[in-house]
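**Student:** Please read through the structure below; I'll follow up with questions.
Each value in this text was obtained by applying a stated rule to the coordinates, not by laboratory testing. Quantities reported herein were computed from a predicted structural model and do not represent experimental measurements. Here the Cβ positions follow ideal geometry from the backbone for every residue, glycine too, while neighbour counts run over all protein chains shown.
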């Protein structure tokens, strides 16, 4: 019975991925499909060679992965994930499913996930984690043929939200944000927002700045990159020149991820963007 269930999930997953690829084709043709906003909407960047998830991976879709694969995450085995409060503190019951120790909405970002667990999810979904260079290009260099009025094709911006950090979910510098109020559980900040509820930024991507840090791949075996800042920080951490790394096996309340679809690409033409 277990094998039959797993096969059914894999078939559904394959169909889901095919639907996502259809969305990508429609986007390249310049049309706007009428679909529900989620990380299953993908955005072409880097010369249309990469398809970025439009939002951070959510609890709901991570749960699909867990059910299909039987994955038990590190924080579940250890009894809870981490939060920083004058030092790292482990919080009992804080997991990807209950990020602040209580029931969460399926559209909240999946956090308390290690780098390798994030990579496993992306592989299951037929994707992968972005490299740091790919992530930076997608976050700061506008590439849509006809972007909305406040963005200009080919321009590189200071923030993933554009010229200013306004519209992101960060600490103090970003204006009003639709953050869920978890402040009673925290010594600092309010907490994350549901995926896709802040303002769309460069390339139509959500939360590349603020909300939760996102895992990116870098050539280091022990540590991996995190990009974009989070609700715990102000706008400084949202800039391209702010480089952060963390142990690949750490799982924290303000680290999440998104995936990309496509082979690793040569980003040499964008080195100026990456070095800014």
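**Student:** Using a Förster distance of 45 angstrom, determine the FRET efficiency expected from the C-beta separation of residue 84 and residue 150, and round it to 0.05.
**Tutor:** 0.85
**Student:** Just round it to a whole percent: the fraction of Cα-Cα distances in the range 89-167 exceeding 19 Å.
**Tutor:** 59
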